[in-house]
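Working notes, structure below.
The values are calculated or read from the model by the stated rules, or taken from the named source; none is laboratory data. Everything numeric here is computed off the predicted structure, so don't read it as measured data. All Cβ positions, even for glycine, are placed from backbone atoms using ideal geometry, and neighbour counts span all protein chains on display.
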Amino acid sequence: MSSNYENPTGIEKKFLQFSCGREKFAIPLMKVREVIGVPETTPTPFSPDYYLGIMNLRGKILSVVDLCRKIQVEPFGNREENAVIIVDIDGVVLGLKVDSVDKVVFPDADAFVGADQLKTGTQNAFIDGVFRLESDLVIIFDLNQILTGEELRFLDQEAA
Amino acid sequence: MNAADMCFMKKRSFEDEIRSDFIEEAQDNLDSVEQAFLKLESGDLSVVDEIFRLAHNLKGTAKAVGFVHVSQFMHSFENLLTEIKNENISVTEQSMELVFLLKDRLSQILMQLDQDHSCDIDPSGEIEKIEAFISSRPRSRLQNDSRSRDGDVKKTPQQKKKDETLRVSNKKLKNLSDAVGELVIMQSIIGQYSKSSTDINFVRATDQLSKLSKTIQELSMELFMVPIKGTLMKIQRVIRDSSKELNKPVEVLIKGETTEIAKSTIESLYEPLVHIVRNAIDHGLEDTPEQRRQLGKSEIGQIEISCFHEGGNLIIKISDDGRGIDPERVYETALKKGLVKKEVSLSDNEKTSLIFTPGFSTKKNVSTMSGRGVGMDVVMKNIRELSGHIGIESKKGEGSTFRLSLPLTVSVIDGVVGRVAGQSFVFPLSQISETVLVGNHEISYVTGLGHILNLRGESLPIWVLSEALGINGSDPTDSFYGKSVLICENAGVRFGVVVDKLEKQQQVLVKELSFEVPDRDVYLGSSILGTGLPALIIDLAKFYSNKLDGLIQISHLSEPESHMEKGA
């Protein structure tokens, strides 16, 4: 899987970096609508444990997903720092709960690590690339993975 | 001419309809160019184009609908306008007098035709006047206007329409409508605060706000409303075709075609209406006009469709004066198909209503039209999906009346807010027939069947919602005492749903749930309650049909081998 970010131009160069457990992740800033504190959510019956429920964002109803739980990373750090990143994935608006939102980063082209070096196991389904920033290795999260695979299978079962 | 050829609508034939449309549109157009005529009179020649376009359109359309006299009249009028435009005839008191005379005459002609499409119109007098006028004017200038007549016509008449209407995307309308819905709910919340307020200014202002927001809501709903006439016209065509196909002459009486309904509803309504109407002609009406005659009925079948608003709903009644439905026959068929149990006593009306049960069909040989597995159960399903109701009243030998009830607004519904294991849920009021507070003695538990409620002698299956939804928070062995049961009905079968507490009844704005929400089809949508938290709106009918999986219907106590089919 090759990174789409090795030759970025313009605003695509910017990422929002956040943490899940001790791991650092990033998503393209372009897809981020806003960052909010963790809202009250209405749980939906029979949902996977990482699906926190639905929330009211200024009149619009969105799903909130616990990202750390979804990628099975142990939570770490101060609960007060937990935040929800509202993302827009090709028109689908969702809230992603993360342990903390760190900063906006602007990695150089040469900071990106080749994806071939990263093929380790099945867990990297959500990895869209990696870059190195200061001493950290930041994983670029593939947002499309949030709604594919398990969710669709789940939905298909219900529709049947 | 055979009996089938006599199939005509009581008031109008198809041709009559388009003629009426023409007249109406012509009158509208004529009204809208009134200003142009006045401008022309004051010497503004630029408006001649507009008037010319109108005349040209009327000429063509009049001819198309068969009003040749009007067409001839317009042709002559066109000539006059061309002369005026090319300034061969200057704007004078005399020329304007003629122009206005012609305009008035046209109005008069349209009115006469409106009364009677076959009215004899003789435009020769006016035509002569025009010809005389044109030829009497000395040609003051050579025609140096390069624009040809065809060139003028290239400007399409759409330009006129632009003044009257505005094209707005559905999305924008929906956004507005959603925002208005939120406004209404927010305002009702403020209204609650004002009830406990002693600040008189606040209370007064809140009252005014309440009235204002109601007006805004009505206006916003009106944006989506279109007259049901269009759909009814299509249905009339279906009736006419069916009648011809089956050789059953039919007369249709339509009432309330100007009744307005939400555009989205109307699109979904067409199919069910077609089924009902075809059913009425195919099964409802007697097989031949002779049979009808022998019964003392007119040979022509009578179908009446009436639409009106009643208490926030659109009611559509479709009646036929055919043979009616025999409740016993329906009951027998239902018994045979295992859709109902012998011991359960049903009234005649309840028996007739069994036709709506999924899996039911009266005719053994499926006729081309109303058969093919598309029965009243599908109609019921469609109507349910629109959050509506359908019922039937029938008298054997006299006819049947189908009564559809549809909410006028799809996005705001009356809901009951109930508390289940610490969480609030909304239940559509339209799906609830009653609510009861229970004590333990009314509920028994039968292994293999679950909980049964004894409601005034009737045994209903009930489900505890907190268990059914897998929400922890209430002890499953909790007594039922003090809990509320929502009694619902789906396809003729009644059942109950137990909630911890009923909180209140309020209007809620239904927000569609996005696809990624798990189990989304069990919910009608979600809504934001006064607390700001979203609440799920549970579709009780869906809930019930989901629950039937693997569950033996209570009425089959003595027939363990038969199972209720899963709801549609």
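Do you know which residues across region A:59-104 are of a type in the set (Lys, Arg) and either within 24 Å of B:Pro518 (Cβ to Cβ) or in contact with a helix residue (DSSP H, G or I) (Cβ under 8 Å, 6 or more places away or on another chain) (or both)? Even if it seems obvious, please write down each step before you answer.
Pass one, region A:59-104, residues of a type in the set (Lys, Arg): A:60, A:69-70, A:79, A:97, A:103.
Hits for region A:59-104 are A:Lys60, A:Arg69, A:Lys70, A:Lys97.
Given the criterion under 25 Å from B:Val522 (Cα atoms), at pLDDT 80 or above and either surrounded by fewer than 16 Cβ atoms within 10 Å (Cβ to Cβ) or within 14 Å of chain B (Cβ to nearest Cβ) (or both), identify the matching residue among A:Gly149, A:Gly59, A:Gly95, A:Gly91. Give the derivation first.
Numbers: A:Gly149 fails: at pLDDT 80 or above; A:Gly59 fails: at pLDDT 80 or above; A:Gly91 fails: at pLDDT 80 or above.
Result: A:Gly95 is the single residue among A:Gly149, A:Gly59, A:Gly95, A:Gly91 that is under 25 Å from B:Val522 (Cα atoms), at pLDDT 80 or above and either surrounded by fewer than 16 Cβ atoms within 10 Å (Cβ to Cβ) or within 14 Å of chain B (Cβ to nearest Cβ) (or both).
Does region B:24-42 contain any residue that is at pLDDT 85 or above and surrounded by fewer than 18 Cβ atoms within 10 Å (Cβ to Cβ)? Show your work before the answer.
From region B:24-42, those at pLDDT 85 or above are B:26; that's our starting set.
If we keep only those that are surrounded by fewer than 18 Cβ atoms within 10 Å (Cβ to Cβ) too, we end up with none.
Checked region B:24-42: no residue is at pLDDT 85 or above and surrounded by fewer than 18 Cβ atoms within 10 Å (Cβ to Cβ).
Here are some residues: B:Val508, B:Val517. Which one is more than 25 Å from B:Phe480 (Cα to Cα) and at the interface with chain A (Cβ under 8 Å from one of its Cβ atoms)? Step through it out loud before you land on a result.
Details: B:Val508 fails: at the interface with chain A (Cβ under 8 Å from one of its Cβ atoms).
Result of the check over B:Val508, B:Val517: B:Val517.
For (1) within 17 Å of B:Gln507 (Cβ to Cβ); (2) loosely packed, with under 12 Cβ neighbours inside 10 Å; (3) modelled with pLDDT of 90 or more, each residue gets a yes or a no:
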{"site": "B:Leu183", "(1), (2), (3)": "yes, no, no"}
{"site": "B:Ile189", "(1), (2), (3)": "yes, no, no"}
{"site": "B:Val203", "(1), (2), (3)": "no, no, yes"}
{"site": "B:Leu209", "(1), (2), (3)": "yes, no, yes"}
{"site": "B:Gln217", "(1), (2), (3)": "yes, no, no"}
{"site": "B:Val226", "(1), (2), (3)": "no, no, no"}
{"site": "B:Leu232", "(1), (2), (3)": "no, no, no"}
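Restricting attention to region A:15-42, and to residues there that are in a loop (DSSP other than H, G, I, E, B) and modelled with pLDDT of 90 or more, which single residue is surrounded by the fewest Cβ atoms within 10 Å (Cβ to Cβ)?
Step by step, filter region A:15-42, then rank; the result is A:Glu40.
Is it the case that region B:321-338 has a residue that's of a type in the set (Ser, Thr, Tyr) and under 26 Å from the mean Cα position of the chain (by Cα)? Show your work before the answer.
Just the residues of region B:321-338 that are of a type in the set (Ser, Thr, Tyr), to begin with: B:331, B:333.
Keeping just the survivors that are under 26 Å from the mean Cα position of the chain (by Cα) gives none.
Within region B:321-338, not a single residue is of a type in the set (Ser, Thr, Tyr) and under 26 Å from the mean Cα position of the chain (by Cα).
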Pairs please, first residue from region B:260-277 and more than 14 Å from B:Cys307 (Cα to Cα) and in contact (Cβ under 8 Å) with a residue 60 or more places away in the chain, second anywhere and hydroxyl-bearing (Ser, Thr, Tyr) and crowded, with 20+ Cβ neighbours inside 10 Å, Cβ atoms under 8 Å, 6+ apart in sequence or on different chains. B:His275/B:Ser370
Return the residue satisfying two criteria in turn: it lies in region A:34-56 and is more than 7 Å from chain B (Cβ to nearest Cβ) and among the hydrophobic types (A, V, I, L, M, F, W, C), and of such residues it is nearest to A:Phe15 (Cα to Cα). A:Val35
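Would region B:470-479 turn up any residue that is at pLDDT 80 or above and outside any strand (DSSP E or B)? Write out each step before concluding.
Step one: of region B:470-479, the residues at pLDDT 80 or above are none.
No.
Could we say that B:Glu87 is acidic (Asp, Glu), touching a Phe, Trp or Tyr at 6+ places or on another chain (Cβ under 7 Å) and either at positive phi or surrounded by 17 or more Cβ atoms within 10 Å (Cβ to Cβ) (or both) here?
Numbers: acidic (Asp, Glu): yes; touching a Phe, Trp or Tyr at 6+ places or on another chain (Cβ under 7 Å): no; either at positive phi or surrounded by 17 or more Cβ atoms within 10 Å (Cβ to Cβ) (or both): yes.
Criteria not met by B:Glu87.
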Which one of these does B:Tyr523 not meet: (1) at pLDDT 75 or above; (2) touching a helix residue (DSSP H, G or I) at 6+ places or on another chain (Cβ under 9 Å); (3) over 17 Å from B:Ser466 (Cα atoms); (4) facing another protein chain (nearest Cβ under 10 Å)? (3)
What number of residues within region A:98-125 satisfy the criterion of being polar (S, T, N, Q) and either closer than 24 Å to A:Arg79 by Cα or at pLDDT 75 or above (or both)? 1
Restricting region B:349-370 to residues that are surrounded by 17 or more Cβ atoms within 10 Å (Cβ to Cβ) and at pLDDT 80 or above, the one nearest to the chain's Cα centre (by Cα) turns out to be B:Phe356
Looking at A:Asp128, is it modelled with pLDDT under 85, part of a strand (DSSP E or B) and among the acidic types (Asp, Glu)? yes
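Any residue in region B:535-549 that is assigned to a loop (DSSP other than H, G, I, E, B) and either modelled with pLDDT of 75 or more or closer than 20 Å to A:Leu57 by Cα (or both)?
Keep residues of region B:535-549 that are assigned to a loop (DSSP other than H, G, I, E, B), which gives B:539, B:548-549.
Filter once more, so that each one left must be either modelled with pLDDT of 75 or more or closer than 20 Å to A:Leu57 by Cα (or both): B:539.
Checked region B:535-549: at least one residue is assigned to a loop (DSSP other than H, G, I, E, B) and either modelled with pLDDT of 75 or more or closer than 20 Å to A:Leu57 by Cα (or both).
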